[in-house]
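The block underneath contains the structure these notes are about, expressed in structure tokens.
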Amino acid sequence: NSVASSWCPDCTPVTPALKNVYESQPQAAQLNFEVVYVSSDRSKDQLMESYKRSHGKWDYIDFDSEERSELKRKFGVCAGAEVAALNMAGKRNYGIPTLVLIDCETENILSFDGVQDVMSGNLLQKWGLA
């Protein structure tokens, strides 16, 4: 679960790095590793422009979907500019970019540190996907 935006300077290097990891994973790992993008972009157009320009072929939560807000609240992750609109004052645990690693079978959170793993080039190895 990747929470980021195209306008955030800290997010800019993460998305292409994640795309590289995602597209270079071994065929066998593709069954075990999936990305779902949760946008903090300011509009649907901004989300789609960014997605087409720099994202991998992963799923994303539609900009107009309430699920986008629900996921941000569930994980306590959003951009600072979204805190008030999401009613997350005092409930925000992480800003953007954040890559939440979740076990798809158990739905347990494995880590909120996925960005660090991506940027260090160690994501697939660390989580046994390589």
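Residues in region 84-106 that are β-branched (V, I, T), open to solvent by less than 30 Å² (accessible area, probe 1.4 Å) and part of a loop (DSSP other than H, G, I, E, B) were compared, and the one that is farthest from S39 (Cα to Cα) is V100. Residue count for region 64-107 satisfying the condition of being under 12 Å from the mean Cα position of the chain (by Cα), among the polar types (S, T, N, Q) and at pLDDT below 95: 0. In region 2-27, the residues that are in a helix (DSSP H, G or I) reach residues that are crowded, with 21+ Cβ neighbours inside 10 Å with C-beta atoms within less than 6 angstrom, at least six apart or across chains, in these pairs: V14/P97; V14/V115; A17/V118; L18/V118; V21/V118; V21/L123.
Inspection of region 114-121 finds no residue satisfying the criterion of being in a loop (DSSP other than H, G, I, E, B), touching a helix residue (DSSP H, G or I) at 6+ places or on another chain (Cβ under 6 Å) and at pLDDT 95 or above. Residue check: I109 meets all listed conditions (1) free of Cβ contacts under 8 Å to residues at least 60 places away in the same chain; (2) surrounded by 15 or more Cβ atoms within 10 Å (Cβ to Cβ) but one, namely (2). Does K44 meet the test of being buried (at least 17 other Cβ atoms within 10 Å of the Cβ), within 23 Å of P9 (Cβ to Cβ) and at pLDDT 95 or above? Considered against the rule, which asks whether it is buried (at least 17 other Cβ atoms within 10 Å of the Cβ), within 23 Å of P9 (Cβ to Cβ) and at pLDDT 95 or above, K44 comes out as no.
When you check D62 against the structure, is it open to solvent by 90 Å² or more (accessible area, probe 1.4 Å) and acidic (D, E), yes or no? Answer is no for this residue.
Whether a residue is at pLDDT below 95 and closer than 13 Å to L18 by Cβ was assessed, and G128 does not pass this test. Going through (1) in contact with a Ser or Thr (Cβ under 9 Å, 6 or more places away or on another chain); (2) closer than 19 Å to V115 by Cα one by one, Q46 falls short only on (2).
The values are calculated or read from the model by the stated rules, or taken from the named source; none is laboratory data. Worth saying up front: this structure is predicted, and the values here are computed from it rather than measured. Heads up, the Cβs are rebuilt from the backbone with ideal geometry, glycines too, and the neighbour counts pull from every protein chain shown. We work out accessible area using only protein heavy atoms, side chains counted, and drop any ligands, DNA or RNA first. Shrake-Rupley method; radii C 1.70, N 1.55, O 1.52, S 1.80 Å.
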